[in-house]
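Undergrad: The structure is given below, and queries will be raised subsequently.
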Amino acid sequence: VIVFYFSMQFLHQGIDSWFNVEIDRAMEDALELSQASLDQRMRWHLKQTQQLTEKLEDSSESLVTLEIENLREQSGASEMTLFSRQGRIIASSSINPGDILPSLPDEHIWLQLRQNAEYVALAPIHEEELMIRVIVTVKAREPQYLQALYPVPVRIADLADSVEFAFVRYQEMNFLRNSLKMSFSLALSLVLLMSLLAAIWVAFISIRNIIAPVKELVKGTQAVASGHYDQQLPVIAQDDLGFLVESFNDMTHRIAVARDETRKAGFEVENQRAYLETILANLTAGVISFDALYKIRTANQAAYRIFHIHVNQFIGRTLLELVQSYSELAEPLKSIQRLLEQADDIWQQRIAFLGPNGRQELLCRGTPLFSQEGRRVGAVVVFDDVTDLIQAQKNAAWGEVARRLAHEIKNPLTPIQLSAERLQHKLADKLKPTDADILQRSTRIIVQQVEAMKEMVDDFSEYAKPSKKQTVNIDLPSLVQEVLALYALKSGVKFKADYETGLLMINGDPVSIRQVLHNLIKNALEAIDAHGLIEISLHRVQKNNTDFIEIALYDDGPGIKDEQIEKIFEPYVTTKVKGTGLGLAIVKKIIEEHGGAIWIDTSRKVGAGFIIQLPACNSKQL
């Protein structure tokens, strides 16, 4: 645009410089000079011709032709002709012998002659020569006209023509000055427009050549951003952009290699994690890992089974936050939290608490985790539910005690009973009535106590001897109904039974299961008054992908004290004055021999409740 502006200014100034005042004056002066020169020559020839007419005034008609020839030669005219007043040729002479007729004046020349009596002007002859035509009047008896054609020198004619042509061209150009400016401006504008279009086209091509690799680079970057790390771009030129593309290709190659290595390492880590999860999932011990703030990171299924809570729902929370949702686990969770915060080395602790299924005892082992810099990054706690193990040890010990007691006590009981009966039989008739009555009462007490001792020894034997079950498929609703029918006839207690619809069958020893029901119902009857209520229900439940039949038995008696719940199933633990403490121990032993579990339900505020879960019959057992 700047070049166009200065070009337009230069063009206009250049065109204007062609037509300044000096050039105009010079052209006019040159034209006047040429015209003045010709005018002077024409005046001279006019005067010369007028002088020649004086010689013709007295010439006879017979000699006029010769006189004309002489006058032509004397004057240097190319042609000389004498005309009558009517324009008839009287005599003529020409330097060119081939000219038959002289050059005749036009009508407008004759009109001018009649008005001025003379005529002088430039006249082109044969479109090649420029002549000075001079016509003057000859004073004679009868007026005549003498025409003389004087040649103009070639140099003067050429100069005059050149000056005239230049002046005409100059006037034409001056007249077309604005048109020239417009034309040149338009041409320059067209050139500018074409240049702009060409520049835009070249710029577009250049930009496209530059942008194309950049676009490819952008597409490659977007592909890498979306995860396609194998993207490779073509290197078009060995310039800075080509170097950038090569660097990009090298970067994507390295990223792809790093991705493959990371993916491979990730697969290995995932396999290891899955392997560890499989191991943790199949461990019988509960495992919980913590971070540096003692928040739960992972927990296996055994932890859920032991605590009876979904520990995975509390990932990212502390054990104290679990306590807010599960208050019954406050004691073990707080103990573990305290050990985590205080222990700087491997620790082991046995923790006992009252869980949903009664007293539980955990053997906990923990270890803090440290980074390579020695900073604590977390901890791992492993715990086993040793309740059954400890109970089994206790049962074995109590079984051995019961076996020895039964052996040591049972042997003298029969002789004592027989001796008391013999004394009664031999001495009853020999003593006074008062003494006989004392003897009878004494021997009766001895016999009753011996019978009680025998019953206790039988309980010891029952608890100590191994089970000899005769397992069959048992329809629990029918068995429960039979047992309830026996007690409904003997007492005024109200029984309420609730059985789930469907098949409720277990595989077990009906005598043992009946003994379990008898013991539980008998204990409930002894705990309530004569118009109490006993509820029993049967339902199918699923636990750890295994079907169980759940027997729930509740009464509305005074219930069981909290301090007795922990040891209620241990031998020789009883709340009765004359109880042996073996009833519930035998019940628990029978249930466990059938693969089930029994615990006290503490959710009710009134009375006592026992829940029994026994494995349901599978399709192969039916």
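The values are calculated or read from the model by the stated rules, or taken from the named source; none is laboratory data. None of the values given here were measured: they were computed from a predicted structure. Virtual Cβ from ideal backbone geometry, glycine too; neighbours counted across all protein chains shown.
Undergrad: Tell me yes or no: at least one residue of region 252-268 is crowded, with 18+ Cβ neighbours inside 10 Å, not small (G, A, S) and not assigned by TED's automatic domain parsing to the domain that holds D562. Please lay out each step first, then the result.
TA: Step one: of region 252-268, the residues crowded, with 18+ Cβ neighbours inside 10 Å are 252.
Next cut, not small (G, A, S) only: 252.
Next, from what is left, pick out any that are not assigned by TED's automatic domain parsing to the domain that holds D562: 252.
Yes - at least one qualifying residue is present in region 252-268.
Undergrad: Okay, next question. For region 277-294, name all the residues that are outside any strand (DSSP E or B) and polar (S, T, N, Q). Steps first, answer last, please.
TA: Within region 277-294, the first condition is being outside any strand (DSSP E or B), and the residues that meet it are 277-285, 292-294.
The answer is T278, N282, T284.
Undergrad: How many residues are assigned to a strand (DSSP E or B) and not small (G, A, S) if we restrict to region 510-557?
TA: Looking only at that region, the number is 19.
Undergrad: Considering only residues that are within 60 Å of the chain's Cα centre (by Cα) and within 19 Å of A597 (Cβ to Cβ), which ones fall in region 501-531?
TA: Answer for region 501-531, where residues must be within 60 Å of the chain's Cα centre (by Cα) and within 19 Å of A597 (Cβ to Cβ): L504, M505, I506, N507.
Condition check ((1) outside any helix (DSSP H, G or I); (2) within 40 Å of the chain's Cα centre (by Cα); (3) at positive phi; (4) at pLDDT 80 or above) across all residues:
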residue	(1), (2), (3), (4)
I296	yes, yes, no, yes
A302	no, yes, no, yes
I309	yes, yes, no, no
E331	no, no, no, yes
L340	no, no, no, yes
Q348	yes, no, no, yes
R359	yes, no, no, no
Q372	yes, yes, no, yes
A379	yes, yes, no, yes
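Undergrad: Shifting gears a bit: Out of the residues in region 565-622 that are at pLDDT below 85 and at positive phi, state the one that is surrounded by the most Cβ atoms within 10 Å (Cβ to Cβ).
TA: Step by step, filter region 565-622, then rank; the result is G581.
Undergrad: Scan region 198-212 and give yes if some residue there is in a loop (DSSP other than H, G, I, E, B), more than 30 Å from V386 (Cβ to Cβ) and not basic (K, R), otherwise no.
TA: Pass one, region 198-212, residues in a loop (DSSP other than H, G, I, E, B): none.
No: region 198-212 contains no residue that is in a loop (DSSP other than H, G, I, E, B), more than 30 Å from V386 (Cβ to Cβ) and not basic (K, R).
Undergrad: I would also like to ask the following. Restricting to region 311-338, what's the tally of residues that are of a type in the set (D, E, K, R) and closer than 18 Å to R350 by Cβ?
TA: The number of residues fulfilling the criteria is 3.
Undergrad: Residue under question is E321, and the condition is that it be outside any loop (DSSP other than H, G, I, E, B), surrounded by 15 or more Cβ atoms within 10 Å (Cβ to Cβ) and not hydrophobic (A, V, I, L, M, F, W, C); does it hold?
TA: Working: outside any loop (DSSP other than H, G, I, E, B): yes; surrounded by 15 or more Cβ atoms within 10 Å (Cβ to Cβ): no; not hydrophobic (A, V, I, L, M, F, W, C): yes.
No, not satisfied.
Undergrad: So which of R305, R350, R297 is farther than 25 Å from D562 by Cα and among the basic types (K, R)?
TA: It is R297.
Undergrad: Answer yes or no: is there a residue in region 213-222 that is modelled with pLDDT of 70 or more, of a type in the set (K, R), within 60 Å of the chain's Cα centre (by Cα) and assigned to a helix (DSSP H, G or I).
TA: yes
Undergrad: Among the residues of region 605-615, which ones are more than 14 Å from L517 (Cβ to Cβ) and in contact with a Gly (Cβ under 8 Å, 6 or more places away or on another chain)?
TA: V606, G607, A608, Q613, P615
Undergrad: Of the residues that sit in region 481-509 and are β-branched (V, I, T) and not in a helix (DSSP H, G or I), which one is surrounded by the most Cβ atoms within 10 Å (Cβ to Cβ)?
TA: I506
Undergrad: Working carefully through the options L389, L363, find the one that is among the aliphatic types (A, V, I, L, M) and modelled with pLDDT of 85 or more.
TA: L363
Undergrad: To continue, here is another question. Would you mind stating whether T278 is free of Cβ contacts under 8 Å to residues at least 40 places away in the same chain, more than 29 Å from A225 (Cβ to Cβ) and more than 28 Å from the chain's Cα centre (by Cα)?
TA: Yes, satisfied.
Residue by residue, here is whether (1) modelled with pLDDT under 70; (2) among the hydroxyl-bearing types (S, T, Y); (3) loosely packed, with under 15 Cβ neighbours inside 10 Å holds:
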position	(1), (2), (3)
F10	no, no, yes
L31	yes, no, no
L38	no, no, no
Q50	no, no, no
L71	no, no, no
A77	no, no, no
